[in-house]
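Student: Got a structure for you, written out below as structure tokens; questions coming shortly.
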2 protein chains.
Amino acid sequence: MQRESAERAARVGIVGAGQLARMTLQSAIALGVDVHLLATSPDESAARVCANVSLGAPASYEALAALAEACDAVTFDHELVDVGVLRRLEQAGRCIRPSAETMAVAQNKGLQRARFAALGLPVPAFQPVGTARDLVDFGEREGWPVVAKAQRGGYDGRGVWVLADAATARDLAARAIPAGVELLAEAWVPVDRELAVLIARRPGGDAVTYPLVETVQIEGICRELLAPAPVSGAIEAEARRIGLRIADGIGATGILAVELFLAKGRLLINELAARPHNSGHFSIEGCVTSQFENHLRAVLDWPLGSTALRAPSVATVNLIPGPNGWDPLRHLPEALGVEGVSVHLYQKGFRPGRKLGHVTALGDDPAETRARARRAAELLAGPLPPESHQPSAISHQRGAADA
Amino acid sequence: MQRESAERAARVGIVGAGQLARMTLQSAIALGVDVHLLATSPDESAARVCANVSLGAPASYEALAALAEACDAVTFDHELVDVGVLRRLEQAGRCIRPSAETMAVAQNKGLQRARFAALGLPVPAFQPVGTARDLVDFGEREGWPVVAKAQRGGYDGRGVWVLADAATARDLAARAIPAGVELLAEAWVPVDRELAVLIARRPGGDAVTYPLVETVQIEGICRELLAPAPVSGAIEAEARRIGLRIADGIGATGILAVELFLAKGRLLINELAARPHNSGHFSIEGCVTSQFENHLRAVLDWPLGSTALRAPSVATVNLIPGPNGWDPLRHLPEALGVEGVSVHLYQKGFRPGRKLGHVTALGDDPAETRARARRAAELLAGPLPPESHQPSAISHQRGAADA
């Protein structure tokens, strides 16, 4: 005789309600996992489509405690959380994945660099700098230009400055340091390609790596993903090895995205994100198991799914309208007429320069696949910059100043 | 200078909140389409995961009018609606897709048969029967056994009876006709395989067909989908042609699923559904554009997406626990350990015989792909009936009597 069921669905709380939470929700629906969101506004990308939304600040102990109380595990859409709050929740026995410790590293580029170096992994020369003097000394020692980064809070090219000489360095220091920005100085690297490798890791250490992807960046913002990255098998294997070392080294749980430079045939680690990441969006259609599903599996300590590619070539193009671009909703039907392209819109309000969605194409030939995705993206958001495997190293490290 | 956006997301109302609405919702999230559900309970499969749910009866004019008022188009999770209500909404200028006229056909197997025959399409011999006399006469003329069906309300083998002889026929008629069941008599067909073809059709007539799929049925309930169906190219082409003829003939909008028998090398039409259908679940991972996305595109009169298969072989196994089965939640982690299988749980309460989810595998070899999907399904819901390409013709046409 069958037993009456006493099973209940797994429950995952997500802090933040951007597009990463939105796409995680799609995977949760398939797996029968209940998602509770902590959003700051009901209009946020994921809050618009989720049945269980609480409003509250991501740094609020009370808000996170209520979320953790209702859920089997709490995870994150972004890093803008208070690590002290996360530690208190862990001390209260709550399941925070990734952990407060991992989130502390993910929040801070200075800590990241120190960890990578301690693990013996390849990074550009770097140094946290507290004064204009330190910054100028670094440049004199390592050579100009120098890349200066805000240790916290930067993303999509924000909080990154390329300093041509000592005068520029002093100018930045004079503006940033009194404003409380903790700076990190890095040697400028002549980058041939930017790459990313994603790892999904369970609490006990089981992990899978995704195929290495090229991230085409313009002014520090990822515009396109090309998978598999057009590099040698040895580079791909090395990237996966680096990713796994970092995931183990910082005790990551869930998706860890590691951004890499390929410079003169050598990999250097740029930075990481301890959550699903824009560089993994190709995996939704492109891999057997998407980054979002594997993030949920890892956070719930379930077996991880295959990351194998579903096609020889996968291309993803972000929808970031330029100054002459438009809202992707305006020409959506025309874009859907481009055969073999999957469209993802995030339902974020239109603003030039804002990432409003992405499109993905699968195919046999990398050039044809990329061209197809670009065609749909141009219909959706307006003209794209010319196709290139990589813009100049200077341009891709220059952030949108102070934005 | 860029225009400020005045675009708004498309809005689709769905009558019913079962798993079909749930999976449609996943596609709507990707396309940035707002979905409003009309559910009968907040615990229904789709209502559990949708941000916009109204409670109301699917046959209520007021409930549907409010839904239609809020949406660009109204579509359906099931056929259990009042066609008179739909006609009134159409007369009031509301956008009902598929139309009241199409829904009338979808609701009624007698009307379906009459339409198929009028279109010159191949169907088993049939006759609506109003008396025991009519039913027995049909059997005497066409030969026993006869298949009797309730013209309305039957699904998953319910409302289907195989009548061995005149005595059984009189017995059924004596029970069913006074209870108000309108009966349809059909010649019994020695079925070699059951197949299904899905069409997505826009209001103006543009249409695409999905790859023909074999539907492995037991006691009238679809258990497995095997795509592409192991039949000749000529049969596949004929099935697609039949599907398109029917879609045009009944003016379908959205997905139309046509179930077919292959009997002695010849296709015969069984019945249809004018909505996303269980026989199309393989398309979520298996096709470039899923039936759910193409349903939304069609309902919104947007260009339809490619239906090409993503792999040489796709197998879907429904999760229907038998008397010794269990809730798929119980062993979900183990099932996720079967590599290369996508799990879909509908979050419906456990009950033996209830369709609680499905799993899909893609692969190169049909037998290996099917075995992989079956392995995951057995972990999730318990022992499956032995693998067969098709159970006996009698068994698959026999419904769960009167259930």
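Student: Please state the shape class of region B:3-84: rounded when a/c is under 1.5, otherwise prolate if a/b exceeds b/c and oblate if not, all from the C-alpha gyration tensor. Don't jump to the answer; show the numbers that get you there.
Tutor: Values: a/c = 2.16, a/b = 1.42, b/c = 1.52.
It is oblate, given that a/c is not under 1.5 and a/b is not larger than b/c.
Student: Follow-up question, since we're still on this one. What is the local net charge at B:V216, summed over the other residues whose Cβ is closer than 13 Å to its Cβ (Lys, Arg +1; Asp, Glu -1)? Walk me through the intermediate numbers first.
Tutor: Details: positive: B:R193, B:R223, B:R370, B:R374; negative: B:D192, B:E194, B:E214, B:E219, B:E224, B:E259, B:E387.
Net charge in that neighbourhood comes out at -3.
Student: Dividing the convex hull volume of the alpha carbon atoms of the protein assembly as shown by its residue count, what do you get in Å³ per residue? Present the calculation step by step, with values, prior to reporting the outcome.
Tutor: Numbers: hull volume 126.8 nm³, N = 806.
That works out to 157 Å³ per residue.
Student: Something else now. For a test of understanding, tell me how many lysine pairs in the protein assembly as shown have Cα atoms under 26 Å apart, given they are 8 or more places apart or on different chains.
Tutor: 10
Student: Right, next: Can you check what the Kirkwood hydrodynamic radius comes to for region B:36-185, Cα pairs only, in Å to one decimal?
Tutor: Details: mean 1/r = 0.0571 Å⁻¹.
Hydrodynamic radius (Kirkwood, Cα pairs) of region B:36-185 is 17.5 Å.
Student: Calculate one ³J(HN,Hα) per residue across region A:199-207 by plugging θ = phi - 60° into the Karplus curve 6.51 cos²θ - 1.76 cosθ + 1.60, and present them in order as whole Hz with x for glycine and proline.
Tutor: For region A:199-207, the Karplus-derived couplings read 10, 10, 9, 8, x, x, x, 4, 8 Hz, x marking Gly and Pro.
Student: Kindly identify region A:100-248 as rounded, prolate or oblate by the Cα gyration tensor criterion: order the square roots of the eigenvalues as a ≥ b ≥ c, call it rounded if a/c is under 1.5, otherwise compare a/b with b/c, prolate if a/b is larger, else oblate. Kindly include the intermediate steps, with their values, before the conclusion.
Tutor: On the way: a/c = 2.09, a/b = 1.62, b/c = 1.29.
It is prolate, given that a/c is not under 1.5 and a/b is the larger ratio.
Student: In a GNM of chain A with a 10 Å cut-off on Cα contacts, which of A:A148, A:A234, A:A164 has the highest mean-square fluctuation?
Tutor: With Cα springs under 10 Å in chain A, the top fluctuation among A:A148, A:A234, A:A164 is at A:A234.
Student: Under 8 Å for C-alpha pairs, at least 6 residues apart: give me the relative contact order for region B:156-264, rounded to a whole percent.
Tutor: Values: 153 pairs, mean separation 35.5, N = 109.
Reported relative contact order: 33 percent.
Student: Starting from a label point 7 Å past Cα on the Cβ side, list the distances from A:R170 to the same position in the other copies, nm, shortest first.
Tutor: From this label point to the equivalent ones elsewhere in the assembly: 11.3 nm.
Student: Just grab the label-to-label distance for A:T131 and A:L119, each label 7 Å out from Cα along the Cβ direction, in nm (one decimal).
Tutor: For A:T131 paired with A:L119, the spin-label model returns 3.4 nm.
Student: Report, for A:L119, each distance to the same residue's label point in the other copies, shortest first and in nm; define the point 7 Å along Cα→Cβ.
Tutor: Ordered by distance, the counterparts are at 5.9 nm.
Student: Let me ask something additional. Can you tell me which of B:315-322, A:345-352 comes out highest on packing, and rank the rest after it, using the mean Cβ neighbours within 10 Å? Don't skip to the answer; put the middle values down first.
Tutor: Values: B:315-322: 24.1, A:345-352: 18.6.
Those peptides, ordered most packed to least, come out B:315-322, A:345-352.
Student: Let me ask something else. Would you calculate a helix-derived [θ] at 222 nm for chain B, using -39,500 (n - 2.57) for each DSSP H run of n ≥ 4 and dividing by the full residue count, to the nearest 500?
Tutor: Numbers: 13 runs with 128 residues, N = 403.
Mean residue ellipticity, 222 nm, calculated: -9500 deg cm²/dmol.
Student: Turning to a different aspect of this structure: Taking the label point as lying 7 angstrom from Cα along the Cα-to-Cβ axis, what are the distances from B:R87 to the corresponding position in the remaining copies, in ascending order and in nanometres?
Tutor: Once sorted, the set of distances for B:R87 reads 7.2 nm.
Student: Let me ask something additional. Using θ = phi - 60° and the Karplus relation 6.51 cos²θ - 1.76 cosθ + 1.60, list the HN-Hα couplings for region A:8-25 in order, rounded to whole Hz, with x at every Gly or Pro.
Tutor: Per residue, the Karplus-derived 3J(HN,Hα) values read 10, 5, 5, 10, 10, x, 10, 8, x, 9, x, 5, 5, 5, 4, 6, 4, 4 Hz.
Student: Right, next: Sequence-distant or interchain residues sharing an amide H contact under 5 Å with A:N52, placed H: which?
Tutor: Close amide H contacts, sequence-distant or interchain: A:L37.
Student: Another question, if that's okay. Alpha carbons only, please: Rg and Dmax for chain B, in angstrom.
Tutor: Rg then Dmax for chain B, in Å: 20.9, 81.
Student: Using the Karplus equation 6.51 cos²θ - 1.76 cosθ + 1.60 (θ = phi - 60°), what ³J(HN,Hα) coupling, rounded to whole Hz, does each residue of region A:354-363 give in order, writing x for Gly and Pro?
Tutor: 8, 7, 9, x, 7, 10, 10, 10, 10, x
Student: Among B:V288, B:I218, B:I250, flag the residue with its Cα farthest along the positive direction of the charge dipole of chain B, charges on Cβ as +1 for Lys/Arg and -1 for Asp/Glu.
Tutor: Ranked along the dipole, the leading option is B:I250.
Student: Using a Förster distance of 30 angstrom, determine the FRET efficiency expected from the C-beta separation of A:A65 and A:D301, and round it to 0.05. List each step's numbers first, then the result.
Tutor: Working: r = 22 Å, r/R0 = 0.72.
E between A:A65 and A:D301, to the nearest 0.05, is 0.90.
Student: Still on this structure, please answer the following. Just check region B:75-158 against the gyration tensor rule for me: Cα atoms, a ≥ b ≥ c as the square roots of the eigenvalues, rounded for a/c under 1.5, and otherwise prolate or oblate depending on whether a/b exceeds b/c.
Tutor: Details: a/c = 2.71, a/b = 2.27, b/c = 1.19.
Prolate is the answer for region B:75-158, as a/c is 1.5 or above and a/b outweighs b/c.
Read-outs throughout are calculated quantities, based only on the coordinates presented, and are distinct from any laboratory measurement. Small disclaimer: the values here were computed from a predicted structure and weren't measured. In this analysis, Cβ positions are derived from the backbone assuming ideal geometry, glycine residues included, and neighbour counts consider all displayed protein chains.
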